[in-house]
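Notes follow once the structure below has been shown.
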């Protein structure tokens with residue numbers, strides 16, 4: 001979706017790595033995260049300072065841990081937060097609908113450290129727990145806070161989508177563990193760069209240890225690239241201003257997201273078979289404007305006659321992930337809105353022609 | 001150690017990535033390993049074909065799985081080989097002295113799938129097990145075969161050091177699971193690229209699933225870089241020949257390793273306090289010469305008067321990892337020989353002056 005933007009940047013975002021660059025395992029031997037390149041750390045702290053979405057300055061008293069995508073850091077956070085000497089595994093919960101990968105991560109190795117307990121709304125045990133709060137949420141784009149609020153709990157904030165192209169930046173997040181990813185910030189999923197902002201030094205050190213044992217650090221080539229691209233976004237935010245007509249990355253991307261959501265609403269209206277969540281309008285501190293959340297995913301609900309929305313869409317050649325994968329009703333599906341322009345337009349065309357309750361060509365109701 | 005070689009290659013090994021390159025998660029949607037870039041797969045199969053160290057052609061009936069370093073693939077192999085429905089965790093063993101990280105990997109998350117059982121020589125249970133065979137071995141450089149040889153066992157071959165700069169290529173390895181890493185092949189540890197050559201499609205698919213859940217794939221930037229550098233090594237092996245005076249990477253690197261080992265033997269001789277293992281001389285099919293193994297690490301033993309070699313060396317400002325970390329006697333240490341030239345020379349100077357049994361300046365025997 002953002003490929004054309006980055007193509008138009010030409011050489012400004014190109015990275016050249018010579019055969020003798022970045023050969024060592026080590027990046028910052030004395031740092032808490034010894035494999036984090038100082039130039040990436042600088043770009044990360046800088047972009048959060050400019051956007052205002054998270055407290056990430058060194059003087060905020062926090063540490064940066066880099067990971068192979070934020071997915072690796074979800075794993076690392078669970079490892080760091082679960083004590084090794086407990087008789088029972090620590091419960092991990094997330095309010096439904098929740099990102100389907102959390103459950104996969106928790107259950108992958110049948111760890112004795114933690115176990116998946118599903119929907120946070122249903123958790124009522126007097127035991128230690130970890131709640132993952134994704135805000136804006138994947139899959140439904142809702143703005144969230146912790147829901148368990150019991151003693152002995154720890155919260156991991158997955159803020160992958162808390163950037164001004166997806167949602168108004170209403171406040172500076174300042175939590176114990178916050179996860180972000182290059183993938184959702186700028187669209188560079190292939191680089192697999194994520195980062196955690198961590199208040200407690202010991203937790204940061206344990207997360208670092210996890211990444212060390214699992215993969216002995218994180219690609220330096222991708223760290224260099226992320227440092228450069230995030231740095232260029234920052235440069236443009238500063239020189240192009242945040243509310244003028246010249247577009248920095250976030251304003252450009254927000255315009256694209258807004259257009260896609262307008263088109264999606266039109267297609268849904270034409271079809272008369274689906275509904276979409278409503279999102280609040282809020283003031284964004286970064287862009288100095290009021291606007292609605294425009295999530296990276298559509299959380300689409302079929303009307304009452306259809307129980308399995310994924311199958312319905314599949315019959316119309318639309319790939320979507322069933323609500324059941326997210327701990328929700330299969331009348332819902334999650335649809336990615338971040339694909340290439342031509343793919344998005346074909347999807348809209350197909351979606352707008354689906355009429356539930358009207359006989360199809362075979363004489364069956366679909 | 002190899003930095004100067006790669007610097008001398010100039011632009012031939014430089015990689016330029018524009019801002020719009022390699023943005024997607026996907027590399028090869030229809031491949032068994034969907035995040036493996038086809039150009040990297042091609043370079044991997046090609047270099048093994050040229051070197052003759054492993055059967056890795058598609059017609060050999062094998063699959064390539066890429067990982068964030070081969071460390072991630074050790075994790076992935078254990079996940080893929082341990083059934084989920086067993087009452088007891090599968091035992092993981094390795095003949096001592098063994099690479100210290102295996103134990104850390106196995107014990108990291110207290111998985112119910114597998115458990116660390118230590119020295120393979122001591123394993124005599126009638127239970128399913130996985131034996132990791134590292135050859136040439138880390139830490140001691142020995143050439144190895146499986147030692148358990150009981151029913152219900154599976155073997156993972158860690159062949160990180162089975163390249164012609166470290167050891168003669170005596171045969172084409174052709175095992176069920178073989179692990180390699182860019183780090184030890186060319187020295188590019190910072191890129192975190194490893195690969196597995198896997199015979200069974202289902203095992204390859206499970207390893208892919210592990211990497212998917214843990215980190216949603218592997219940095220494309222580093223995959224592109226590894227593809228280019230391995231490709232250049234191949235080009236030079238073909239155009240420069242393998243036994244002429246013009247040096248391809250492996251011949252160059254072998255010369256450096258040979259020189260370092262000669263200097264190390266001299267220093268050890270001068271000191272009269274240590275001993276080193278002896279290595280066999282063998283015919284190398286790649287370079288068409290007879291030579292000794294020149295391991296990446298020295299497995300140094302203090303003479304009988306010293307019980308803790310690591311502490312002795314530390315007192316002389318030499319960093320080494322104690323034999324106890326490798327399931328062996330602390331009279332041994334592992335020393336890396338792959339550092340920069342100036343670091344290596346300082347190390348030799350310090351080592352050669354250590355005299356055990358001779359009073360030091362404080363009147364104490366050391």
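Test residue A:78 against the stated conditions and say whether it is within 14 Å of chain B (Cβ to nearest Cβ), in a helix (DSSP H, G or I), in contact with a strand residue (DSSP E or B) (Cβ under 8 Å, 6 or more places away or on another chain) and touching a residue at least 40 places away in the same chain (Cβ under 8 Å). Criteria met by residue A:78. Of the numbered conditions (1) within 23 Å of residue B:193 (Cβ to Cβ); (2) in contact with a helix residue (DSSP H, G or I) (Cβ under 7 Å, 6 or more places away or on another chain), residue B:159 fails exactly one; give the number of that condition. For residue B:159, the exception is condition (2). Screening residue A:22 on (1) surrounded by fewer than 24 Cβ atoms within 10 Å (Cβ to Cβ); (2) on the phi < 0 side of the Ramachandran plot shows it passes everything except condition (2). Exactly one residue among A:90, A:16 is touching a strand residue (DSSP E or B) at 6+ places or on another chain (Cβ under 9 Å), more than 30 Å from residue A:331 (Cβ to Cβ), without any contact (Cβ under 8 Å) to a residue 60 or more places away in the chain and more than 8 Å from every other protein chain (Cβ to nearest Cβ), and that residue is A:90.
Scan region B:244-253 and give yes if some residue there is at the interface with chain A (Cβ under 10 Å from one of its Cβ atoms), more than 30 Å from residue A:101 (Cβ to Cβ) and within 18 Å of the chain's Cα centre (by Cα), otherwise no. Within region B:244-253 (the criterion being at the interface with chain A (Cβ under 10 Å from one of its Cβ atoms), more than 30 Å from residue A:101 (Cβ to Cβ) and within 18 Å of the chain's Cα centre (by Cα)), the answer is no, since none of the residues qualifies. What about residue B:118, is it part of a strand (DSSP E or B) and away from chain A (no Cβ under 14 Å)? Yes: the conditions hold for residue B:118.
When residue B:97 is tested against (1) more than 14 Å from chain A (Cβ to nearest Cβ); (2) in a strand (DSSP E or B), just one condition goes unmet, and that condition is (2).
Residue-level check: of (1) buried (at least 19 other Cβ atoms within 10 Å of the Cβ); (2) touching a helix residue (DSSP H, G or I) at 6+ places or on another chain (Cβ under 7 Å), residue B:270 misses just (1). Out of (1) at the interface with another protein chain (Cβ under 8 Å from one of its Cβ atoms); (2) assigned to a loop (DSSP other than H, G, I, E, B), the odd one out for residue A:214 is which? For residue A:214, the failing item is (2). The test for being assigned by TED's automatic domain parsing to the domain that holds residue B:98, within 25 Å of residue B:291 (Cα to Cα) and without any contact (Cβ under 8 Å) to a residue 60 or more places away in the chain holds for residue B:175. Can you confirm whether region A:33-51 contains a residue that is outside any helix (DSSP H, G or I), more than 26 Å from residue B:76 (Cβ to Cβ) and either more than 13 Å from every other protein chain (Cβ to nearest Cβ) or modelled with pLDDT of 95 or more (or both)? Looking for residues that are outside any helix (DSSP H, G or I), more than 26 Å from residue B:76 (Cβ to Cβ) and either more than 13 Å from every other protein chain (Cβ to nearest Cβ) or modelled with pLDDT of 95 or more (or both), one finds none in region A:33-51, hence no. Within region B:217-226, the set of residues being more than 19 Å from the chain's Cα centre (by Cα) and either in a helix (DSSP H, G or I) or without any contact (Cβ under 8 Å) to a residue 40 or more places away in the chain (or both) comprises B:220, B:221, B:224, B:225. Can you tell me which residue in region B:59-75 is surrounded by the most Cβ atoms within 10 Å (Cβ to Cβ), limited to those that are more than 10 Å from chain A (Cβ to nearest Cβ) and modelled with pLDDT of 95 or more? Only one residue tops the list, namely B:65.
The values are calculated or read from the model by the stated rules, or taken from the named source; none is laboratory data. This structure is a prediction, so every number in the text was calculated from the model and none was measured. With ideal geometry, Cβ positions are generated from the backbone for all residues, glycine too; neighbour counts draw on all protein chains shown.
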